[in-house]
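Since the structure comes first, as structure tokens, the remarks are kept for the end.
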Amino acid sequence: MLTQEQISCLNLIALKNKEIDELKKEVNYLKTKLEEKEETIGVLADMLDWYLERED
């Protein structure tokens, strides 16, 4: 039989695991958004290079 303290610890562990899972989801979302921004910056840099070469 588990003591009340052990049950409380297990509940706290479960809560912290849930928080960790939520943070992992947020990190993955932010990584995706960053990758999208990096791709956009790359496209804009290519467009600027093309424009500057055309101006020469």
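The values are calculated or read from the model by the stated rules, or taken from the named source; none is laboratory data. No experiment lies behind these values; they were computed from the predicted model shown. Methodologically, a virtual Cβ is constructed for each residue, glycine included, from the backbone with ideal geometry; neighbour enumeration extends over all protein chains shown.
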Just one of (1) at pLDDT below 95; (2) under 27 Å from the mean Cα position of the chain (by Cα); (3) of a type outside the set (S, T, N, Q) trips up Lys37, so point out which.
-> (1)
Would you say Lys24 is surrounded by 10 or more Cβ atoms within 10 Å (Cβ to Cβ), charged (D, E, K, R) and under 14 Å from the mean Cα position of the chain (by Cα)?
-> yes
Unique residue being loosely packed, with under 10 Cβ neighbours inside 10 Å and of a type in the set (Ser, Thr, Tyr) when the list is Thr40, Thr3 = Thr3
